[in-house]
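The values are calculated or read from the model by the stated rules, or taken from the named source; none is laboratory data. All values reported here derive from a predicted model rather than from experimental measurement. We place every Cβ from the backbone using ideal geometry, glycine too, and count neighbours over all the protein chains shown. Heads up: the accessible areas ignore ligands, DNA and RNA and are worked out on the full protein's heavy atoms, side chains in. Shrake-Rupley method; radii C 1.70, N 1.55, O 1.52, S 1.80 Å.
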Amino acid sequence: MSIADEPLYPIAVLIDELKNDDIQLRLNSIRKLSTIARALGEERTRRELIPFLGENNDDDDEVLLAMAEELGVFVPFVGGVEHAHVLLPPLETLCTVEETCVRDKAVESLCRIGSQMRESDLVEYFIPLVKRLAAGEWFTARVSSCGLFHIAYPSAPEMSKTELRSIYNLLCQDDMPMVRRSAASNLGKFAATVEYTHLKADTMSIFEDLTKDDQDSVRLLAVEGCAALGKLLEPQDCVAHILPVIVNFSQDKSWRVRYMVANQLYELCEAVGPEPTRTELVPAYVRLLRDNEAEVRIAAAGKVTKFCRILNPDLSIQHILPCVKELSSDSSQHVRSALASVIMGMAPVLGKDATIEQLLPIFLSLLKDEFPDVRLNIISKLDQVNQVIGIDLLSQSLLPAIVELAEDRHWRVRLAIIEYIPLLASQLGVGFFDDKLGALCMQWLQDKVHSIREAAANNLKRLAEEFGPEWAMQHIIPQVLDMISNPHYLYRMTILQSISLLAPVMGPEITCSKLLPVVITASKDRVPNIKFNVAKVLESIFPIVDQSVVENSIRPSLVELSEDPDVDVRFFSNQALQAIDHVMMSS
């Protein structure tokens, strides 16, 4: 190939690969578009590559998706912002394909390019593109157009703005539900660019039509529009236009719409303000908490704490707490789980007295729930209640239930309790901890589930850090070392892991006098798994102790293990010896 022909090479390769039967080759070719564009230069990219891509749109969805994504970042390769408009035709074609994810990516790329384009180019190229898509015969084009109005509108001349608003109005009344859905979901973005006078006059009438749509899939997207529009309107207009819609939606015949309201209610409350929330939205929220569909109750229960923060404590106690009590014994475990994940946050909102009188009994009933996720959600948020009622009351009322859960048959519940123990220990103090929870921490080291034993070893380390080496020497180390003679090798391995974790906390003196002899003895164990774990522990311990101890105790033990018949024991002991040698040489 001559040097003169060389620039033709990349486009020839691209064309060949894009026509290849192998989809992976076609995909790779699209992923290399930026490299090919660099090789071609800006002018040839505009003149040859982009038109070629515009024609090559009859391909697998995966290839088209990659193309839509690549074109979104292609502005620098076509010569910058002044030539960005050449990227619009291939993306316009991709906006009309059947596959939703390709269309969505093409719209996203068009928005990215449009936001960089000069105002004159937007008027000349982008706005006509939006109009063409909106007038498309096939519904896919009209669906895509809805996501582009918010880019086109701000730069449009006054005449075009009027036209764009009326086109959007027509899209909201389209015969195809998919188009109306797209118009409803993009209404908030479009409304944010519309002038306030037109927002009140035109956009609100469009919105009201969507809220009365006969398709529930359109109405539920209009719920999202409530929150978006509410933030754009003045408070009095918001109360006049948005509030009645929210109240109606909370009683909609479709549970999906009611679910959407329950999910968005906090944002809707922020939009209408505190006073209308108290008078109008509290009854609506109570209805959702008592909805006959479990999904709606789940969504509403998950927002109970956020909602109570908007209200004063008296209103929460009067209206919301009775519903919370009902939900705590709901027939659906998922409703109870959703409630358990947020109910602890109500304690700071309601204050100490109401928490003790009203919430503690609910916490206790949820802690004893038959469904493990419900119990887990309560355990993980106990600290929020402790801040309100104090540790004494918490320990009297909830600790017996926690001790019961520490022996729960579901291992994930036991695991959650273990992970909460260090926090509980720091709150309870050393004396209380020794009385009530000390024995449990040792018991978990011999649990049947490996994850529990592993967490128990980590727990001991964190407790030693919390209460100090002296406490650990008295309350942890003797019990741990006693267990090294357990007949089951898996439990002996957990003890070795515990020693490895405790040694850095305990310091060199206790490690040498108490922990190291036990590890050296374990190196004579008959089970290979124990022996190679000994090698690992010795490798982790040697930086803590003096060099004389390494030479007199650790190295001889590892040398002996390095001659073991088992291949894994030899491997890990040699690895430990190499680590020691490396440190010795560098020091």
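A few comments on the model shown:
- Search result, residues across the range 123-143 that are in contact (Cβ under 8 Å) with a residue 40 or more places away in the chain, over 36 Å from the mean Cα position of the chain (by Cα) and in a helix (DSSP H, G or I): 125, 129, 132
- Residues that are polar (S, T, N, Q) and loosely packed, with under 15 Cβ neighbours inside 10 Å within the range 216-240 comprise just one, 236.
- Unmet requirement for residue 527, which otherwise passes all of (1) modelled with pLDDT under 85; (2) surrounded by fewer than 17 Cβ atoms within 10 Å (Cβ to Cβ); (3) of a type in the set (Val, Ile, Thr): (1)
- The listed residue being buried (at least 16 other Cβ atoms within 10 Å of the Cβ) and either assigned to a loop (DSSP other than H, G, I, E, B) or on the phi > 0 side of the Ramachandran plot (or both), out of 569, 545, 519: 545
- Wholly enclosed helices (runs of 4 or more DSSP H) of the range 34-112 bearing at least 3 residues of a type in the set (Asp, Glu) and either more than 21 Å from residue 16 (Cβ to Cβ) or open to solvent by less than 50 Å² (accessible area, probe 1.4 Å) (or both): 61-71
- Residue 120 vs. criteria surrounded by 17 or more Cβ atoms within 10 Å (Cβ to Cβ), in a helix (DSSP H, G or I) and polar (S, T, N, Q): no
- Elements of type helices (runs of 4 or more DSSP H) in the range 144-197, at least 2 residues being out of contact with any Leu (no Cβ under 6 Å at 6 or more places or on another chain) and of a type outside the set (A, V, I, L, M, F, W, C): 158-172, 177-191
- Condition broken by residue 334, with the remaining ones in (1) over 24 Å from the mean Cα position of the chain (by Cα); (2) of a type outside the set (Gly, Ala, Ser); (3) under 28 Å from residue 185 (Cβ atoms) satisfied: (1)
- Where a residue in the range 449-467 is closer than 12 Å to residue 502 by Cα and its partner, wherever it lies, is outside any helix (DSSP H, G or I), with Cβ under 6 Å and at least six apart: 460/476
- Where residue 132 falls short, out of the listed (1) open to solvent by less than 60 Å² (accessible area, probe 1.4 Å); (2) farther than 22 Å from residue 191 by Cβ: (1)
- Test: residue in the range 483-504 that is among the aromatic types (Phe, Trp, Tyr) and more than 26 Å from residue 466 (Cβ to Cβ): yes
- Some residue of the range 115-123 being at pLDDT 85 or above and over 9 Å from residue 68 (Cα atoms): no
- Pairs where the first residue, in the range 76-105, is more than 18 Å from residue 139 (Cα to Cα) and the second is open to solvent by less than 60 Å² (accessible area, probe 1.4 Å) and part of a loop (DSSP other than H, G, I, E, B), C-beta under 6 Å, 6+ apart: 84/117; 87/74
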